[in-house]
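Some notes on the structure that comes next.
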Amino acid sequence: MNYQVLSRKYRPQKFDEIIGQPHIVNTLINSIENNRIAHGYLLSGLRGVGKTTAARVFSKTINCLSKNSSNPCNECQNCIEITESRSLDVIELDGASNRGIDEIREIKETVKYPPISSSYKIFIIDEVHMLTKEAFNALLKTLEEPPDNVIFILATTDPYKIPDTILSRTLKFDFKKIKDDEISKHMENILSKEEISYEKIALDAIAFRADGSVRDALSILDKIISYSHSNVSYELVKEALGIIEDKVYLNILKFIFSKNDKKLLKQVNQVIDSGYSINNFISGFNIFLSNCLIYLSGQKV
């Protein structure tokens, strides 16, 4: 069996598996339960926070043949086909590679035909902000008045590039960055299932570097596991991510205040000679200074 990266292997298949977005999950569940399903949705947010995942789970739920709850059964033919991205009624497009007016015209032609085995025909357009101006204009009328059994789900990491005419025709959902502790807990659950040991501080470091993106965190975790095989330790994470210890930044800050140029230059040269990139060093120092200011203000870091 071919190896699956963690982000694909443990991709949420139900609403209650989606982490960090309760405001969106609850809204979508309520809309399904109350039969208040819109014809157009716009999902915006950072990469790797669950936009496409939410779109797929929503598509499965409203097309599930069981329809016994607000979650898909993941066992019927429709659920399986959508999960495996081979459903003829749930069509996923990449806005970056299908950005022209010709592709939108094809969608307009396809919209005319009813779904084959599902209740709804759903078009999921990822990175929709990459569409051309002409493509957006061609989509307007179809997006405003599609057939009753057609739904458009648009996803983007840059909502400011979406024309107002598109925004006014869709329900907009803003996905938040996932909190570090939620990402850490998610990785803990995955490593428990994979029977891989870990250090909590190592997962916290990965979550911090992921900056709110679950997919980025799992990509880093995949790399660490490939390197370590059986244990995710802080030392490995620190080496792989180029993490510089706070005590190094503290020494540099002390040398700056004491105007000790020789020791300051020596410390900086040691960091550079150790293989750390300048950008990584500057970014880490800025974060350290920011945390110092927050601490001095009386807030918790």
At R0 = 30 Å, FRET efficiency that the Cβ-Cβ distance of residue 4 and residue 109 yields, to 0.05: 0.30
Shape call, segment 113-241: gyration tensor on alpha carbons, a/c limit 1.5: prolate
Helix 200-210 vs. the chain, principal-axis angle (Cα, 0 to 90°, nearest 10): 60 degrees
Whole-number accessible area per residue in Å² for the chain, which is evaluated in the context of all protein chains at 1.4 Å: 56 Å²
The chain - Kirkwood radius from inverse mean 1/r over Cα pairs (Å): 22.0 Å
P(r), alpha carbons of segment 84-126 - 10 Å bins starting at zero, rounded %: 27, 54, 18
Protection proxy ranking, peptides 159-170, 70-81, average beta carbon neighbours within 10 Å, highest first: 70-81, 159-170
For segment 1-129, alpha-carbon Rg and Dmax in angstrom: 14.8, 42
Acute angle (nearest 10 degrees) that the helix 246-257 long axis makes with the longest principal axis of the chain, alpha-carbon atoms: 60 degrees
Positive dipole terminus of the chain, leading residue within 101, 22, 73 (C-beta point charges): 22
Nearest 10 degrees, 0 to 90: helix 51-63 Cα axis against the chain principal axis: 30 degrees
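The values are calculated or read from the model by the stated rules, or taken from the named source; none is laboratory data. Note that the structure is predicted; figures quoted are calculated from it, not measured. For neighbour counting, all protein chains shown are included, and Cβ atoms are generated from backbone atoms with ideal geometry for every residue, glycine included. Accessible surface is based on the protein model in full, side chains and every heavy atom, while ligands, DNA and RNA are left aside. Shrake-Rupley method; radii C 1.70, N 1.55, O 1.52, S 1.80 Å.
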